[in-house]
1. Kindly indicate whether residue 12 is surrounded by 14 or more Cβ atoms within 10 Å (Cβ to Cβ) and assigned by TED's automatic domain parsing to the domain that holds residue 217.
2. Among the helices (runs of 4 or more DSSP H) confined wholly to segment 121-233, which include 2 or more residues that are loosely packed, with under 15 Cβ neighbours inside 10 Å, over 23 Å from the mean Cα position of the chain (by Cα) and at pLDDT 90 or above?
3. Could you go through segment 77-96 and let me know if any residue there is exposed (fewer than 12 other Cβ atoms within 10 Å of the Cβ), modelled with pLDDT of 85 or more and not in a helix (DSSP H, G or I).
4. Please enumerate the residues belonging to segment 38-55 that are over 16 Å from residue 84 (Cα atoms) and part of a loop (DSSP other than H, G, I, E, B).
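The values are calculated or read from the model by the stated rules, or taken from the named source; none is laboratory data. The shown structure was predicted, so the numbers you read here are calculated from the model rather than taken from an experiment. Cβ sites come from the backbone with ideal geometry, for glycine too, and all protein chains shown count toward neighbours.
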């Protein structure tokens, strides 16, 4: 059945206009994003199949590649691109909601909550830097580099230059481990110490280096790595 043949109150677009987005289920909202169906299947049926392939979880769908989406009958390149854009907007909304600068950063969990939506499910490593003012309010964040499955580059010179340009008093380094193990490797430790030393030269504090892996994280500040305390990861 075509959506145009459904009763007006059952059509996703008309239902949204009449009752508001909150009264639509995920499949109905996704059908609006898809806009059209195919000759044999309407957008709502395609949306339901796509959600079902993700276990009916938006969090799982957000991690789908466009190639994975296109395995669903009725999802072509254009529709996959549209869904990927919608999922990314959702991730950025969560980031902005968590990182709106409403309060000072006082612990690693705050940074985990901010960065997890951006790093969740990645199959490669990414290195980010968060810039803080003197009161530890976030004044910016940047993606520094993207690497492979086991490593990424942390360019100390670039980090310090960007911190000086933003007049940051503190920086927090964040990167992910696709392996699922947040425990830092020897290279992570060496780069952290190198960045800490370089930052101190310019009176900039390396507040923390946080490694995120799935729903766990490791905080160098919490573990006081410079004092060679035992390593352990935190469950989020």
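1. no
2. The qualifying helices (runs of 4 or more DSSP H) are 156-165, 186-201.
3. Looking through segment 77-96, none of the residues is exposed (fewer than 12 other Cβ atoms within 10 Å of the Cβ), modelled with pLDDT of 85 or more and not in a helix (DSSP H, G or I).
4. Listed by number, the residues that qualify are 38, 39, 40, 41, 42, 55.
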